[in-house]
Every structure is written in structure tokens, then in C-alpha cells.
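What follows is a structure written as C-alpha cells; I'll ask about it next.
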Amino acid sequence: MSEIKIAPSILAWDLGDLEGAIEISVKGGADQVHLDVIDGHFAPNITFGPGTVKALRSRCNLKFDTHLMIDSPHLYVDKFLEAGSDLLTFHAEVLNGSSFDDLYRVVHAKGKEMGLAMKPKTELPRWASDRLDRVSTLVIMTVNPGFSGQSMDMSVMPKLQKISALVEHRGLMTDVEVDGGVEPENVQEVAKRGGNVLVAGAGVYGKKDPVNAISVLRERALQVRKAQ
Ligand code: DX5
Ligand code: ZN
């Protein structure tokens, strides 16, 4: 089973102090930083673009996990790679097998990782199941994309379990990332169902001690792993 990794989502911090958000992630020992890019079309919010990712890149060495919630990722893939994203995640809802292949070629040529995300009600498409060996991270969204601070949609748990089982059955090293409403109270449910990369916005940055909140999530998830 893949290692537990914590990915704080900086969208939940003061957007005027993203450097501060990065510092918290570094101090707390986060494995990667989750950067939510939303274009106001794919989801109802507008966040930041490649310029911001580039500015943050010069401030830390943590893995940049860029979650593109945008309608036309092919127009921006180069920009986000140049900006310093290490893992670039695209949404299954805006792709098909052929556009996936085009994006994969671009990401792979730069030696970076490709992720594939699904909204709560989206099942893993057949074209994606056929290409799983090229996906480093499957992102299972447990809230509708747009905003930090929503509660986790527990109806996604069977899909999470099914996808984790598929990854294991095929002997793949694909990370199963869970994004949306992850908190100390539900992180064990997620880990039990095979989620190993835990994105947390409010679950880290909404806490009184956000640096410590990263360890709290990690320890709770690891307790499940030890018992399995
Ligand atoms: C939602 C984003 C999530 C979100 C996570 O559109 O993709 O990454 O910011 O924040 P929390 O953990 O607060 O739901
Ligand atoms: Zn996200």
C-alpha cells in the first residue's frame, strides 16, 4: 500500500499571504502542497494562475501538486509546467482518451507527473481505466469543486474503496488522493478505504495550530495503516 502523504491546500489560508501558507506546510513537514487553480467556468470560483505558482516556486522545494479545475487545460499545460508544478492534475470531466494522450505527452516530456481528478459524482471513465499506468495520482474529490471549507460527501466512500482496490489489484503504485473536507474526524475513514494522499485546506489552515494539524492528520491516518 502506498505511503501516507499530507497535502495542505493553500486555498484555505489568507490569499494575501500565500508565502505564509507555504511556510506552514514546510514547518509542518507536509509531503506536498496542493494548489487549487479554478477558472470560474469549470467551477464557481476564480483562484490563481501560473504566475502565482511560479512566485511560490522560488520560495520552497516542496512538491507542487497543481489541481487544475479549468475547462481548457490544453491551453495552460505548458504554463503550469514552466511555473514549476511537479504533479499536474486534470479533470476527467473535460478530457477523453485522445486529449489525455496529448496532455500526457507534454507532461511526460518535461519529466513531470500526471494526475486525474474526478468530481464526487463522476465514475472512472473507461478511457482512463485503460490508461491508469500513466497516471501517478488519482484524485477523488469528496466535495464539489470551488471552495475550501465544505463538509466531506461520505457518499463518495464506495467509489474511493473501489478505485483503491482497482489500483491494488493491478499492482500499480498510483497514489489515491482524497480532496475535500478532510479533517481529523474523518481522515481514518478515508485511510481505511485506501486514500493515501490527504489534501486538507480547512483541516490544516483552519486550525489554531496549523503546523501541528499536519502531524495530527498524518498520525491518525498512520494508525489505520498500522492496524491493517
Ligand atoms: C476544492 C478544492 C479543494 C479544497 C480543499 O475545489 O479542490 O482542494 O480547497 O479544501 P478543504 O479541505 O477545506 O475542503
Ligand atoms: Zn483541490
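Throughout, read-outs are computed from the coordinates displayed, never taken from laboratory work. Being a predicted model, the structure only gives us computed values, none of them experimental. Because the Cβ atoms are built from the backbone with ideal geometry, glycine has one as well, and the counts that use them run over all protein chains shown.
Non-local amide H neighbours of Gln32 (under 5 Å, H modeled in plane, Pro and chain starts lacking H): which ones?
The answer is Ile6.
Antiparallel DSSP bridges in the chain: what percent, to the nearest 5?
Restricted to the chain, the bridges split so that about 5 percent are antiparallel.
Follow-up question, since we're still on this one. Return the single residue from Ser98, Ser25, Ser85 with maximal mean-square fluctuation; model: Gaussian network over the chain, springs between Cα atoms under 10 Å.
With Cα springs under 10 Å in the chain, the top fluctuation among Ser98, Ser25, Ser85 is at Ser98.
Return the sequence-ordered ³J(HN,Hα) values of segment 118-129 in whole Hz as given by the Karplus equation 6.51 cos²θ - 1.76 cosθ + 1.60 applied to θ = phi - 60°, using x for Gly and Pro.
Per residue, the Karplus-derived 3J(HN,Hα) values read 10, 5, x, 9, 8, 8, 5, x, 4, 4, 6, 4 Hz.
For a quick check of your reading of the filter: which GluC sites (Glu not before Pro) in segment 1-83 sit in a DSSP loop and have no more than 11 other Cβ atoms within 10 Å?
Glu3
In nanometres, what is the gap between the two model label sites at Arg131 and Lys162, each 7 Å from Cα along Cα-to-Cβ?
Here the answer is 2.1 nm between the modelled labels.
Can you give the extra length, in nm with one decimal, that the chain gains between Ser151 and Ala227 once fully stretched, where that is 0.36 nm per residue apart less the Cα-Cα distance?
Gain on extension, Ser151 to Ala227, equals 24.7 nm.
Take Ser215 and Glu3, extend 7 Å from each Cα along the Cα→Cβ direction, and tell me the distance between the two endpoints in nm.
According to this spin-label approximation, the distance is 1.9 nm.
Right, here's the next one. Please report, in whole Å, how far the alpha carbons of segment 1-70 spread along each principal axis, starting with the longest.
33, 31, 18
Could you tell me which of rounded, prolate or oblate describes segment 31-117, using a ≥ b ≥ c as the square roots of the eigenvalues of the alpha-carbon gyration tensor, with rounded for a/c under 1.5 and, failing that, prolate when a/b is larger than b/c and oblate otherwise? Numbers along the way, then the final one.
Values: a/c = 1.83, a/b = 1.19, b/c = 1.54.
Oblate, because a/c is 1.5 or more while a/b does not exceed b/c.
Let me ask something else about it. Would you calculate, for the chain, the mean residue ellipticity at 222 nm contributed by helices, counting each DSSP H stretch of 4 or more residues as -39,500 (n - 2.57) and dividing by all residues, to the nearest 500?
On the way: 9 runs with 82 residues, N = 228.
After summing the helix terms and dividing by the residues of the chain, the value is -10000 deg cm²/dmol.
How about Lys162: which lysines have a C-alpha closer than 29 Å to its C-alpha, ignoring those fewer than 8 places off in the same chain?
Partners found: Lys5, Lys63, Lys112, Lys119, Lys121, Lys192, Lys226.
Right, something else. Evaluate E = 1/(1 + (r/R0)^6) for His74 and Glu23, where r is the Cβ-Cβ distance and R0 equals 35 Å; express this FRET efficiency to the nearest 0.05. Display every interim value, and only then the final one.
Details: r = 33 Å, r/R0 = 0.96.
Computed FRET efficiency for His74 and Glu23: 0.55.
Also, I was wondering about something else. Long-range amide H contacts for Ala117: which residues qualify at under 5 Å (H placed 1.01 Å from N, peptide plane, sequence gap of 5 or more or a different chain)?
Excluding prolines and chain starts, which carry no amide H, the hits are Phe90, His91, Ala92, Val139.
Output ³J(HN,Hα) for segment 9-17: one whole-Hz value per residue in order, computed from phi by the Karplus curve 6.51 cos²θ - 1.76 cosθ + 1.60 with θ = phi - 60°, and x for Gly and Pro.
Calculated HN-Hα couplings, in order: 9, 5, 4, 8, 9, 5, 5, x, 9 Hz.
Then there is this: Which residues' amide hydrogens lie under 5 Å from the amide hydrogen of Ala200, considering only partners 5 or more residues apart or on another chain, with H built in the peptide plane?
Ala7, Ser9
Now for a separate question. Could you derive backbone 3J(HN,Hα) for segment 195-200 from the dihedral phi with the Karplus parameters 6.51, -1.76 and 1.60 (θ = phi - 60°), listing whole Hz in sequence and x where the residue is Gly or Pro?
x, 10, 10, 10, 7, 9
Here's something else I'd like to know. What does the extension gain come out to for Val94 and Asn45, with contour length at 0.36 nm per residue minus their alpha carbon separation?
Working: separation 49, 0.36 × 49 = 17.64 nm, distance 1.71 nm.
The Val94-Asn45 span can extend by a further 15.9 nm.
If you average the alpha carbon positions of segment 21-50 and of segment 101-122, how far apart do those two centres end up, in angstrom?
Centre-to-centre (Cα) distance: 17 Å.
Turning to a different aspect of this structure: If you split all Cα-Cα distances of the chain into 5 Å bins from zero, what percentages do you get per bin, shortest first?
Cα pair-distance distribution for the chain, in percent: 1, 7, 16, 20, 22, 18, 11, 4, 1, 0.
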